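Note sheet for the following structure.
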Amino acid sequence: MTALAALVEKMRRPRALLVMAAVVIVLAGIYGGLATSLAGHVPASVTVDGAAIGGMSPGEATVTLKRVLAAEASRPVHLTVPSHSVGIQPAAAGLQVDIGATVDGLTGFTLNPLRMWAHLTGDRSQPLQIRVDRDKLTAAVTKAAGALNHPVKEGSIRFTGGGSTEVLSLAGAEVRVSETTDAVAAAWPRRQVVRAVTKVTAPRVTADEIRRATKELAVPAMSAPVTVVAGPHPAGTVTLQPRRYAPALSTTPDGAGRLRLKIDRARLMAVIRAAVPGAEHPPVDATVRLVAGRPQVVPAVAGTRFNEGVAPTRFGVALTSPARTVTMTVIAAPPKVTTAAAAGWRITAPISTFTTQFPVNPPRTTNIKIAVATLNGTVIRPGGQFSLNGTLGKRTPAKGYQQAPVIFAGRLVKDYGGGVSQVSTTTFNAAFFAGVRIDEHLAHSFYIARYPEGREATVSWPNVDQKWTNDTGSGILIQATTKGSNLSVTLWGTKKWDIEAVKGPRRNVVKPKVVVDAKAACVPQLPTPGFDVTVTQVFKKNGAKVRTVAFNTHYIPEDTVKCTHVAAAPAVVPPPR
């Protein structure tokens with residue numbers, strides 16, 4: 001090599017190094033740029049629950065997953081057992097997809113060539129991240145379990161018509177809430193149907209036992225009629241066909257799963273009583289009635305009844321015995337109220353009476369007479385409470401009540417039972433002067449001149465009632481009568497108090513208005529002012545004042561109502577109330 005060639009070679013080496021360095025720098029820049037580019041995108045061919053998001057930016061992947069998974073994540077989870085299923089709403093059960101956490105792990109900067117190569121060419125499935133509110137999910141599964149659980153059903157024999165039917169046992173199942181909650185959390189949202197984890201309870205009654213009971217119990221029980229001897233005379237002996245007593249029969253398992261014949265006593269006795277209607281005689285309680293105008297004790301009458309306690313056992317024996325005969329024992333049935341108890345009520349003389357006059361109005365008079373007939377003869381025992389609604393019941397056309405004027409919202413309208421409030425007012429005043437404890441009463445909304453101010457009581461079914469407690473120490477017999485246009489109520493018993501009523505002056509007087517009404521149902525009214533009044537009930541014994549009770553009453557004005565409808569009654573005559 002010449003000196004010149006050596007010099008040239010010496011000059012080329014630095015240049016080659018520079019070129020190589022430049023190439024390395026360019027390649028490094030390309031590599032770094034590629035790494036940076038890959039860091040901002042999801043690896044190629046990545047899927048999440050079947051949704052392809054490879055090569056997307058995190059934002060694009062998030063939008064895609066929300067769109068694809070929204071419907072899937074909102075569908076209910078069907079929690080099932082073999083017989084049926086219950087839907088659980090994911091949001092309400094604390095189940096949510098966490099798309100942010102799912103996407104976060106798929107991007108990131110790296111210079112590792114293997115990871116970069118995998119980023120470019122890899123094919124993988126990324127699991128969907130979810131959030132579970134354990135308390136909410138447990139509560140939802142617990143609620144669903146209430147519908148999914150079913151108790152064990154022991155086999156039995158059903159008696160219908162003239163025969164019997166075998167009913168096979170069914171195992172019971174109870175949802176294990178904790179394990180089922182885990183199963184739902186693991187399956188959602190990939191699977192919308194989740195089999196509940198259950199605890200199965202096997203029945204005690206086997207198919208063999210059901211067959212045995214059919215042969216030994218059911219077949220003999222339904223094989224022939226049963227003769228019932230329920231009285232000493234021929235009419236007291238009857239024959240019951242199997243179809244008659246079948247509804248009273250059933251089976252029940254004992255602790256060892258063995259079926260026993262069960263007889264429903266109430267149903268059996270209903271069948272026997274229907275077959276032998278005259279074998280029993282119900283007792284009659286003693287009471288007090290007016291006889292020839294004087295109170296008289298009506299003695300109690302003892303009755304007879306079947307000895308129900310032994311009936312099921314005897315009937316069960318008869319069902320499997322050759323004779324197939326059962327004898328019903330008849331025992332005494334004592335009355336609830338004895339003659340001595342009624343005599344002890346000391347109902348001997350009138351303790352108060354009150355009379356009101358009712359105007360001529362046939363429908364209203366009919367209602368009054370029906371209520372009086374129902375009320376008459378009512379006995380309130382010592383310490384007992386009287387209720388007028390409880391005594392009369394609802395006033396209906398079926399009972400004979402007619403439509404007549406009543407007060408509603410300050411106006412007269414027609415309704416069934418109009419006029420019964422006069423029975424209430426008359427009874428209230430009798431109770432007032434008897435000195436019993438007034439528990440509940442309500443005055444008419446406006447004042448009616450035929451009643452004493454502040455001493456009257458309306459009644460309406462079912463909420464407006466008149467109630468009082470008999471605290472006189474003796475019984476009370478109510479005598480209610482009508483004669484001509486007079487309505488009288490007298491309370492009989494043993495007098496305890498002398499009662500005086502002291503009425504105060506009217507206060508806060510309000511003048512009525514004039515109302516013109518063209519409706520066909522309009523009922524005319526004449527004016528009465530509204531006012532407040534206080535009546536004091538003074539209790540006296542042997543002429544000395546013992547105590548007082550104040551009754552404060554507020555009356556609204558009764559407006560003048562002029563009815564302009566052609567068929568309306570003239571407004572010059574006040575209608576009965």
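The values are calculated or read from the model by the stated rules, or taken from the named source; none is laboratory data. These figures come from a predicted structure and were not determined experimentally. Reconstructed Cβ throughout: ideal geometry from the backbone, glycine too, with neighbour counts over all protein chains shown. For the accessible areas, the whole protein counts, side chains as well, though only heavy atoms, and no ligand, DNA or RNA atoms are used. Shrake-Rupley method; radii C 1.70, N 1.55, O 1.52, S 1.80 Å.
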For the range 431-550: span of alpha carbons on each principal axis (Å, largest first) = 56, 32, 30
If amide H atoms are built 1.01 Å from N in the plane of the peptide, which residues on other chains or at least 5 residues away come under 5 Å of the amide H of R75?
-> none
Quick one: with all protein chains in place, what share of the accessible area of the range 375-451 is carbon or sulfur, to the nearest percent (1.4 Å probe)?
-> 50 percent
Gyration tensor verdict on the range 175-311 (Cα atoms; rounded if a/c is under 1.5, prolate if a/b is larger than b/c, oblate otherwise) = oblate
Taking a probe of 1.4 Å, how large is the accessible area per residue of the range 189-265, in Å²?
-> 55 Å²
Tabulate in residue order the Karplus-calculated ³J(HN,Hα) for the range 478-484, using 6.51 cos²θ - 1.76 cosθ + 1.60 with θ = phi - 60°, rounded to whole Hz; enter x for Gly and Pro.
-> 8, 10, 10, 9, 10, 8, x
Backbone HN-Hα couplings from phi across the range 445-462 [Karplus 6.51/-1.76/1.60, Hz, Gly and Pro as x] = 5, 10, 6, 10, 4, 6, 10, x, 4, x, 9, 8, 8, 8, 8, 7, 7, x
Using Cα positions and a limit of under 25 Å, work out the lysines in reach of K153, with same-chain residues fewer than 8 apart set aside.
-> K143, K199, K215, K262
Calculated on alpha-carbon atoms, Rg and Dmax of the range 229-383 in Å | 24.6, 77
Accessible area of the range 459-538 divided out per residue, in Å², using a probe of 1.4 angstrom = 47 Å²
Which one of V489, H565, T536 is farthest out on the positive end of the charge dipole of the range 452-577, using unit charges on Cβ (Lys, Arg +1; Asp, Glu -1) and the Cα centre as origin?
-> T536
Karplus ³J(HN,Hα) for the range 367-380 (6.51 cos²θ - 1.76 cosθ + 1.60, θ = phi - 60°; Hz, whole; x = Gly/Pro) runs 4, 4, 5, 5, 5, 5, 5, 6, 6, 4, x, 5, 10, 10
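For the range 133-275, give the percent of accessible area contributed by carbon and sulfur heavy atoms, probe 1.4 Å, rounded to a whole number. Kindly include the intermediate steps, with their values, before the conclusion.
Values: 4090 of 7540 Å².
Here it works out to 54 percent.
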From the Cα gyration tensor of the range 239-299, with a ≥ b ≥ c the square roots of its eigenvalues, which class applies: rounded if a/c is under 1.5, or else prolate if a/b is larger than b/c, or else oblate?
-> prolate
State the answer as a single residue: which of L249, T214, V238 lies farthest towards the positive end of the charge dipole of the range 209-272, with beta carbon charges of +1 for Lys and Arg and -1 for Asp and Glu, about the Cα centre.
-> T214
Return, for the Cα atoms of the range 345-408, the radius of gyration and Dmax in Å, separated by a comma.
-> 14.5, 42
